[in-house]
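The values are calculated or read from the model by the stated rules, or taken from the named source; none is laboratory data. Quick caveat, the model's predicted, so the values are computed rather than measured. Virtual Cβ from ideal backbone geometry, glycine too; neighbours counted across all protein chains shown.
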Amino acid sequence: MNTEIQCLLLLSIFLSALVCSCDEYYLYDEFGLGRSFDGIGGLSGGGATSRLLVNYAEPYRSQVLDYLFKPKFGASLQILKVEIGGDAQTTDGTEPSHMHYEDDENYFRGYEWWLMSEAKKRNPNITLIGLPWAFPGWVGNGENWPYGFPDITTSYVVSWIIGAKQYHDLDIDYVGIWNERSFDTKYIKILRYTLDKSGLERVKIIASDSLWEPISSSVVADSELRDAVDVLGVHYPGTTSSPEALKTEKKLWSSEDYSTFNNDVGGGCWARILNQNYVNGRMTATISWNLVASYYGNLPFGRDGLMTANEPWSGNYVVESPIWITAHTTQFTEPGWKYLQTVGQLMHGGSYVALTDGKGNLSLITETMTHDHSVCIRPPLLPYNVSAQNVTFHLRGSFASISELKVWHSKFDFKGDKTVLFQNLKPVKVIEGSFSIELDVDEVYTFTTITNGQKGSYPDPPLSAPFPKTYKDDFDVQHPYFSEAPNFADQTGVFEYFTNLTDPGPHVFTLRQVVTQRPVTWVADADQTISVIGDHNWQDLMVSCDVYMETVRTGGVFIALRVDKGGGVVRSAKGIFFWVYADGTYKITSDLRGIIILAEGFSGTRAHVWYTLTLTVEGDYASAELNGSPLWKNEVPSESRNGWAAIGTSSFELTQFDNFAIKAE
């Protein structure tokens with residue numbers, strides 16, 4: 001289009017706005033389009049956030065996966081980002097590494113491989129991303145730093161990408177550096193070199209999964225780094241980018257966002273940032289931490305997923321509002337569509353974005369979320385006002401011939417119970433290229449030429465129920481999808497199925513704690529390893545477990561009840577802990593660190609012998625038994641009132657567990 005025609009078009013738009021009493025917005029493509037849309041996604045990991053999902057029985061597990069990934073059904077996610085497990089606590093638990101030790105490789109540990117495969121089955125075009133939060137200790141050569149030997153670290157990361165393809169036929173599209181921690185320019189360049197040398201030129205690098213600075217300035221100043229980095233990814237940007245980031249001309253992503261309780265305010269938070277990340281910051285992808293709240297609710301950030309599925313024992317799950325807010329964008333766009341240049345803030349609050357496939361299709365998404373009903377957990381949200389408004393959209397350019405738009409609507413009712421989510425309304429007629437609509441507060445609309453959107457549904461899942469108070473696991477059933485025993489949530493260390501080929505007796509199949517060196521940590525892992533299970537509200541209970549210490553002299557193992565903390569604060573966990581040691585002693589403590597000692601003495605325990613430990617807590621009293629014989633009984637501290645059951649070790653050491661059992665008193 002020549003300059004004269006452009007000027008005439010702009011003049012006509014300006015004159016129309018002067019004579020119209022409503023708010024007018026123009027959607028056109030004559031002057032080109034905006035940035036390419038890269039998708040909306042969810043993040044599994046960053047702390048074992050999908051831990052309980054694999055334990056669901058069918059058909060409920062597949063139903064949850066359909067709500068997340070199946071196109072034109074629920075959230076229809078276009079991106080799945082997963083943690084590259086590093087054997088360390090990374091928010092709500094640990095995820096196992098594919099290489100616990102330098103001479104060890106296993107590409108079937110954990111559940112992320114399974115989850116990526118299930119996502120890919122439902123959406124073959126889904127974008128897959130891997131990012132380390134932590135690294136096994138050998139990668140850092142004993143230092144809490146992964147960049148000291150960059151060749152080792154890059155080889156470790158690249159082996160995960162190669163393993164994904166070789167063992168699971170998964171093509172990883174992007175890889176990150178180190179979640180929310182320092183980046184090293186030399187490491188990024190070597191990672192790019194190692195990927196290329198390994199035939200993985202197509203795998204792109206995201207940096208640095210933290211803040212806009214200093215990565216943006218580094219990319220601008222260093223041409224080699226600029227060539228190595230494909231995407232600038234930041235966390236919780238508050239919908240804004242920076243001039244330096246825009247100057248790089250790189251793709252800008254909110255590579256971790258949301259992290260908010262998934263009630264209706266959480267849905268409002270998600271609606272606001274999905275639009276405004278592009279309107280304010282030109283970010284073309286937004287990824288939710290986390291994908292699905294599938295971890296024990298009393299761990300940190302409970303219910304901060306797009307939906308909730310944390311009761312595999314009952315089969316109950318909840319399709320929360322963020323699922324349907326996501327659908328407003330994902331069901332009517334695809335990665336590769338382009339934003340129109342005509343996007344922005346609505347005059348009386350809220351925002352609008354419009355995207356096209358370049359083939360005549362158009363999707364327009366509006367949101368009018370008020371401040372108090374769209375607060376995210378971070379960063380702070382400055383005050384602003386939103387009010388009901390009458391708006392008119394004028395379609396120009398290649399959209400001028402559109403005569404009708406499908407309409408999908410969500411309305412949050414914070415004063416009553418009339419919230420509606422992802423409702424298909426009567427199509428709106430476009431007359432002479434224009435249509436008008438009244439936008440109330442706390443609403444989301446999608447106006448689209450795409451005709452096959454769907455609010456998918458299944459029959460209601462089973463009712464919610466607490467974790468059963470009678471529970472047993474002899475670890476003889478080796479589950480095919482993951483290496484951890486069902487419902488155990490590792491908080492420090494890694495507890496895996498183990499086949500003890502040297503023991504012809506009753507303990508051939510066991511659960512084994514396998515981490516023997518402190519990892520390169522992301523948060524402050526405990527000095528002890530621990531895996532929790534059950535109901536945080538438990539008070540009176542008995543737990544028993546067979547234990548086997550493999551470390552002579554220094555070995556130690558415990559079972560516990562009323563464990564009150566996990567996640568990044570697991571070091572300060574309180575409860576009732578029953579320890580035995582390979583040096584022939586025992587102790588009872590009220591803390592994981594083993595400092596607050598309630599009792600101690602001689603047990604006669606040693607390494608390479610199986611023992612049965614039993615701990616019973618009822619009211620103000622607890623008792624411990626060794627091989628069925630009483631060892632201790634006394635009052636317990638008043639602060640130890642409720643919590644999970646747990647197993648663990650006194651340090652990073654090989655220890656086996658068998659015949660775990662819980663019974664209500």
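Applying the criterion of being out of contact with any Phe, Trp or Tyr (no Cβ under 8 Å at 6 or more places or on another chain), in a strand (DSSP E or B) and in contact (Cβ under 8 Å) with a residue 60 or more places away in the chain to the residues of the range 576-613, the residue that is farthest from residue 555 (Cα to Cα) is 576.
Conditions (1) under 30 Å from residue 62 (Cα atoms); (2) in a strand (DSSP E or B), marked per residue:
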| position | (1), (2) |
| --- | --- |
| 310 | yes, yes |
| 326 | yes, no |
| 349 | no, no |
| 358 | no, no |
| 366 | no, yes |
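Answer yes if at least one residue in the range 93-110 is within 30 Å of residue 37 (Cα to Cα), in contact (Cβ under 8 Å) with a residue 12 or more places away in the chain and either in the same structural domain as residue 161 (by TED's automatic domain parsing) or in a loop (DSSP other than H, G, I, E, B) (or both), and no otherwise.
Taking the range 93-110 and keeping what is within 30 Å of residue 37 (Cα to Cα), we get none.
No, every residue in the range 93-110 fails to be within 30 Å of residue 37 (Cα to Cα), in contact (Cβ under 8 Å) with a residue 12 or more places away in the chain and either in the same structural domain as residue 161 (by TED's automatic domain parsing) or in a loop (DSSP other than H, G, I, E, B) (or both).
Scanning the range 28-68 for residues that are at pLDDT 95 or above and of a type in the set (D, E, K, R) turns up 29, 35, 38, 51, 58, 61, 66. What is the residue count in the range 508-536 for residues that are surrounded by fewer than 19 Cβ atoms within 10 Å (Cβ to Cβ), in a loop (DSSP other than H, G, I, E, B) and modelled with pLDDT under 95? Summing the residues that are surrounded by fewer than 19 Cβ atoms within 10 Å (Cβ to Cβ), in a loop (DSSP other than H, G, I, E, B) and modelled with pLDDT under 95 in the range 508-536 gives 3.
If I ask for residues that are over 30 Å from residue 259 (Cβ atoms) and surrounded by fewer than 15 Cβ atoms within 10 Å (Cβ to Cβ), which ones from the range 401-423 would you list? If you could, list the steps in order and put the result at the bottom.
Residues of the range 401-423 over 30 Å from residue 259 (Cβ atoms): 401-407.
Hits for the range 401-423 are 401, 403, 404.
Across the range 250-302, the qualifying residues are those that are within 13 Å of residue 376 (Cα to Cα) and of a type in the set (A, V, I, L, M), and the one among them that is surrounded by the fewest Cβ atoms within 10 Å (Cβ to Cβ) is 265. Candidates are the residues of the range 425-455 that are among the small types (Gly, Ala, Ser) and surrounded by fewer than 19 Cβ atoms within 10 Å (Cβ to Cβ); the one that is nearest to residue 272 (Cα to Cα) is 436. Checking the structure you have, find out if any residue of the range 246-262 is in contact with an Asp or Glu (Cβ under 9 Å, 6 or more places away or on another chain) and at positive phi. Scanning the range 246-262 turns up at least one residue that is in contact with an Asp or Glu (Cβ under 9 Å, 6 or more places away or on another chain) and at positive phi.
Select, from 504, 466, the only residue that is modelled with pLDDT of 95 or more, exposed (fewer than 14 other Cβ atoms within 10 Å of the Cβ) and either of a type outside the set (Asp, Glu) or assigned to a loop (DSSP other than H, G, I, E, B) (or both).
Answer to the check: 466.
Can you name every residue in the range 35-60 that is touching a Leu at 6+ places or on another chain (Cβ under 9 Å) and either under 18 Å from residue 258 (Cα atoms) or free of Cβ contacts under 8 Å to residues at least 24 places away in the same chain (or both)? Residues satisfying the conditions are 39, 40, 41, 42, 43, 44, 45, 46, 47, 48, 49, 50.
Conditions (1) in contact (Cβ under 8 Å) with a residue 12 or more places away in the chain; (2) among the acidic types (Asp, Glu); (3) surrounded by fewer than 22 Cβ atoms within 10 Å (Cβ to Cβ); (4) under 30 Å from residue 51 (Cα atoms), marked per residue:
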residue: 322; (1), (2), (3), (4): yes, no, no, yes
residue: 334; (1), (2), (3), (4): yes, yes, yes, yes
residue: 371; (1), (2), (3), (4): yes, no, yes, no
residue: 389; (1), (2), (3), (4): yes, no, yes, no
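State yes or no: is residue 546 touching a residue at least 60 places away in the same chain (Cβ under 8 Å) and either assigned to a loop (DSSP other than H, G, I, E, B) or more than 18 Å from residue 653 (Cα to Cα) (or both)? Answer is no for this residue. Among the conditions (1) under 21 Å from residue 314 (Cβ atoms); (2) crowded, with 24+ Cβ neighbours inside 10 Å; (3) among the hydrophobic types (A, V, I, L, M, F, W, C), residue 54 misses just one, which is (2). Here residue 635 fulfils each of the conditions (1) farther than 21 Å from residue 530 by Cβ; (2) modelled with pLDDT of 95 or more apart from (2). The test for being without any contact (Cβ under 8 Å) to a residue 60 or more places away in the chain, hydroxyl-bearing (Ser, Thr, Tyr) and not in a strand (DSSP E or B) holds for residue 638. Residues that are in contact (Cβ under 8 Å) with a residue 40 or more places away in the chain and of a type in the set (A, V, I, L, M) were ranked within the range 432-484; the one that is nearest to residue 536 (Cα to Cα) is 465.
Say whether the condition of being in contact (Cβ under 8 Å) with a residue 60 or more places away in the chain and of a type in the set (Gly, Ala, Ser) is met by at least one residue in the range 391-402. Please lay out each step first, then the result.
Going residue by residue through the range 391-402, those that are in contact (Cβ under 8 Å) with a residue 60 or more places away in the chain are 391-399.
Next cut, of a type in the set (Gly, Ala, Ser) only: 397-398.
Yes, the range 391-402 contains at least one residue that is in contact (Cβ under 8 Å) with a residue 60 or more places away in the chain and of a type in the set (Gly, Ala, Ser).
Yes or no, residue by residue, for (1) within 14 Å of residue 448 (Cα to Cα); (2) of a type outside the set (Gly, Ala, Ser); (3) over 21 Å from the mean Cα position of the chain (by Cα):
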site: 310; (1), (2), (3): no, yes, no
site: 336; (1), (2), (3): no, no, yes
site: 350; (1), (2), (3): no, no, yes
site: 353; (1), (2), (3): yes, yes, yes
site: 359; (1), (2), (3): yes, yes, yes
site: 384; (1), (2), (3): no, yes, yes
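So if I check each of 479, 394, which one is farther than 30 Å from residue 98 by Cβ and either in a loop (DSSP other than H, G, I, E, B) or of a type outside the set (A, V, I, L, M, F, W, C) (or both)? The match here is 394.
Sort out which residues of the range 387-412 are within 31 Å of the chain's Cα centre (by Cα) and of a type in the set (A, V, I, L, M, F, W, C), and write them in order of number. Across the range 387-412, the qualifying residues are 407, 408, 412.
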